[in-house]
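Visitor: Okay, handing you the structure first.
Throughout, read-outs are computed from the coordinates displayed, never taken from laboratory work. None of the values given here were measured: they were computed from a predicted structure. Because the Cβ atoms are built from the backbone with ideal geometry, glycine has one as well, and the counts that use them run over all protein chains shown.
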Amino acid sequence: MKEILYHLGIEALNAMQQETIAAYRRNRQLVLLSPTGSGKTLAYLLPLAEELHATVPESSSGGNAKETPKLTPWPRALVLVPSRELAAQTVDVIKAMKCGLRAVACYGGRAAMDEHRVLREVQPHIVVATPGRAADHLRKQNIDGSAVGILVIDEFDKSLELGFQAEMEEVLRMLPRVNRRFLLSATDNEQIPAFVGAAFEKLDFTDQPSDGTPQNDKLTVHLVRSPEKDKLQTLRELLCRLGAESSMVFVNYRESVERVANFLKKEGFSISAFHGGMEQRDRERALYRFAGGSALTLISTDLAARGLDIDDVRHIIHYHLPLNADAFTHRNGRTARWDREGDAWVILGPEENMEQLIPSTPEGMPEGQGGAVPLPLWTTLYIGKGKKDKVNKVDIVGFLSKVGGLQREELGRIDVGDHWAYAAVARQKADDVLLRVRGQKIKGVKTLIEKAR
C-alpha cells in the first residue's frame, strides 16, 4: 500500500479510508456511506488490490500482458458503476496505482465486440463496467462469471435511480461464486437492495443533518438573486466576476444544457457542454477540454454530479435548483475535494427559495469587475494517434516542443487513449503551433491535429 500511495502522490490515508480498509479485512459484506469527494474509490481499491495480490500468482499480476502467464479463469473482481465516465476513471486509478493488476472498463456507447477482443487480450484481474454492459458480457460468456469472487457496486443508489435494478439482479444471478460484496454510496438514506442479499456491516461517514446543510468546512455556499425568471444574464455576470477559475454549472434538463451553452458561447465564454444525450466521443472531448483548462466552465445535468474526478474545480453554480438535498450534496461534492477549498453559488429566481436546504447563507455577487469575459490560459488540441499507434505522452511532449516550438511551461495536461490524445497548450501559442505541425509526422506517421471543440 505504501508503494501505491507513493505512485498516486498521496502522503497518508484519511480516517474513513483507514477504517474502511480495517473493516474490509475483517468482514466480507460491507456497505460504505461517505460524502462525495472523500476518497471512496481508494477506500475499496486499496484493500481489493491487497486481497488480489494475496491470491493471484505473482507471475500473473504484473509486467507486459503479452509476456506474462495469463490468469485463468478471469476476472477475479467485478466493479459495477452507474456511468461510463466513472468506469473509465476507475480503471485509470488502477493503472496509476502501478500495482500490477490488469483492469478493463466496459460500458455502452461503443461496440461490445471491440471490448470482447480487449478482454481476451488483457485477461483482466478486474473488470469495471456499467450494469447493462456487464450483464451483456456475462450473458455472452465474454466474462467468466464463475471466476468472480469479489463484487463491488459503487454508487449503488445512483444505479438504482437510473433504473439498472433489473440488470444488476441479472448480473448477480450469473456470479455463482461471489463471496465478497462491497456496496458504496455518498448518501445515507438508501436501503441495501434486497437482491444483493447477505448481512452487511455498515460504515456511515456521511454525518449529514436532516436539513441537508453542507458539513464540509472547506465549502462556502452563497445565494445570488436573479431579478428575472430567466437567469442567463445573472449567470453571465457571476462567471465574469469569478474570473479565470474553473466552474461547473448544473441545470436539470438536457435542453437547458444546450440553451445555456449556446448563450455563453455567443457571449465569448470558453465552455464545455455535458449530458447523457451526447455521443460518447463528444462527452469525452468536453471533459478533456474542461479538465485541461481550455474550457473554464462545464455546463451539465446531474450526470456530472457523481463519478467525475476533476482536479481543482473551484466553483459550483446551481443554475437550476437541485431536486433534493442529495442532489445538492452530490453537486457540491465536485469542489472542495480532499484538502482544497471551494464555493457553491445558488442562483435564485424571483419566486424561488432554498430555506429547506440552506436556512442561513450569505447573499450577493462576489467582489470583482463584471462585464469582462474571462479567457482560459490553455487551448486543448486533439491528436488522432494514441497508445495503439505506438504514440505516448513523451512522444507528444517531444513533438510539440521540437516541431511545435513550445517551451515546457507552455505545455499543460496531456491524456493519451488507444487511438487519440488530447494536449493542452498555451492559448496564445495554439494557432502558431498548428501552423508549425501541419503536415508533420509523429514517430514517422502523419495524423490529424486540430483544436478540440
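Visitor: For the stretch 339-453, what is the relative contact order in percent, using Cα pairs closer than 8 Å and at least 6 residues apart in sequence?
Guide: 31 percent
Visitor: Further question on the same structure: Within the chain, what percent of beta bridges assigned by DSSP are antiparallel, to the nearest 5? Don't skip to the end; give the middle numbers.
Guide: On the way: 15 of 64 bridges.
Percentage antiparallel, nearest 5: 25.
Visitor: Label the stretch 378-451 by shape, choosing from rounded, prolate and oblate, from the square roots a ≥ b ≥ c of the eigenvalues of the Cα gyration tensor; if a/c is under 1.5 it is rounded, and otherwise prolate applies when a/b is larger than b/c, oblate when it is not.
Guide: Working: a/c = 1.62, a/b = 1.36, b/c = 1.19.
Judged from the Cα gyration tensor, the stretch 378-451 comes out prolate (a/c at least 1.5, a/b above b/c).
Visitor: Oh, and also: DSSP loop chymotrypsin sites (Phe, Trp or Tyr not before Pro) in the stretch 272-364 with at most 11 other Cβ atoms within 10 Å of their Cβ, which ones?
Guide: Sparse-neighbourhood loop chymotrypsin sites (Phe, Trp or Tyr not before Pro): W338.
Visitor: Using 25 Å as the Cα-Cα cut-off, could you pick out the over-long pairs in K387/K451; K2/K95; K266/K402; K158/K451; K95/K388; K40/K202?
Guide: K266/K402; K158/K451
Visitor: When Kirkwood radius over Cα pairs in Å is calculated directly from the model, which label among (1) 22.0; (2) 25.3; (3) 23.4 fits?
Guide: (3)
Visitor: Where does each of M113, M248 land when they are ranked from fewest to most other beta-carbon atoms within 10 angstrom?
Guide: M113, M248
Visitor: Note down the net charge around L172, summing +1 for each Lys or Arg and -1 for each Asp or Glu among other residues with Cβ under 14 Å from its Cβ. Intermediate results must be reported in sequence, preceding the final value.
Guide: Numbers: positive: R139, R173, R177, R180, R181; negative: E167, E169, E170.
Charge balance in the 14 Å sphere: +2.
Visitor: A further question on this structure: Between R120 and K402, how many nm apart are label points set 7 Å from Cα along the C-beta direction?
Guide: Roughly 3.8 nm, to one decimal.
Visitor: Of the listed peptides 409-417, 379-387, what is their order by residue-averaged count of other C-beta atoms within 10 Å, with the highest listed first?
Guide: 379-387, 409-417
Visitor: So, R0 is 35 Å and r is the distance between the beta-carbons of R225 and E161; what FRET efficiency does that work out to, to 0.05? Walk me through the intermediate numbers first.
Guide: Working: r = 31 Å, r/R0 = 0.89.
Once the sixth-power term is evaluated, E becomes 0.65.
Visitor: Which one, L33, L172, G197, projects farthest toward the positive side of the charge dipole computed for the stretch 2-204 from Cβ point charges (K/R +1, D/E -1)?
Guide: L172
Visitor: So, one more: Lys and Arg at +1, Asp and Glu at -1: add these up for the other residues within a Cβ distance under 12 Å of V260 and post the number.
Guide: Around V260, the surrounding residues sum to +2.
Visitor: For the stretch 287-442, rounded, prolate or oblate, judged on the Cα gyration tensor with a ≥ b ≥ c (square roots of eigenvalues), a/c < 1.5 rounded, else prolate if a/b > b/c?
Guide: In terms of gyration-tensor shape, prolate.
Visitor: Another one. Tell me which residues come under 5 Å, amide H to amide H, from R225 once H is placed; ignore anything under 5 positions away on its chain.
Guide: Amide H neighbours of R225, under 5 Å, 5+ apart: L348, G364.
Visitor: Another question, then. Sort out for me the Cα centre separation of the stretch 158-181 from the stretch 1-36, rounded to whole Å.
Guide: If you average the Cα positions of each part, the centres end up 24 Å apart.
Visitor: Still on this structure: Just name one of G268, P73, S300: the one whose Cα is farthest towards the positive end of the charge dipole of the chain (beta-carbon charges, Lys/Arg +1, Asp/Glu -1).
Guide: About the Cα centre, the residue reaching furthest to the positive side is P73.
Visitor: Rounded, prolate or oblate for the stretch 219-348? Axes are the square roots of the Cα gyration tensor eigenvalues, ordered a ≥ b ≥ c, and the cut-off for rounded is a/c under 1.5.
Guide: rounded
Visitor: For the stretch 107-129 and the stretch 409-442, compute the distance between their C-alpha centroids and round to whole Å.
Guide: Answer, in whole Å: 29.
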